[in-house]
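Q: So that we are looking at the same thing, I have put the structure below in structure tokens.
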Amino acid sequence: MRAAAKPTTWREFSTRFARSEAGATSLEYALMLTMISIACLASFQLLGGTSGGAWGGTANKVGTAMSSAK
């Protein structure tokens, strides 16, 4: 049976984590996720007004078709 690990401080934990490959991999994934999120938000901002008009037109056509089908 293994002895219980001695409690470590936050500084010791973060230093060990940063030096391990798991720390580097986690950081790489976090950076990729951040960049993808920024790209998505930027595209939503750029395309938001254009697609809103298209969806509004589609909604009007569907509404007209539904009311004329009654």
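Q: If one takes the longest principal axis of the Cα atoms in the chain, at what angle in degrees, from 0 to 90 and to the nearest 10, does the Cα axis of helix 10-19 lie?
A: 80
Q: Then there is this: What do you get for the angle between helix 21-68 and the principal long axis of the chain? Use alpha-carbon atoms, 0 to 90 degrees, nearest ten.
A: Around 10 degrees separate the two axes.
Read-outs throughout are calculated quantities, based only on the coordinates presented, and are distinct from any laboratory measurement. Keep in mind that this is a model prediction, so the values were computed, not measured.
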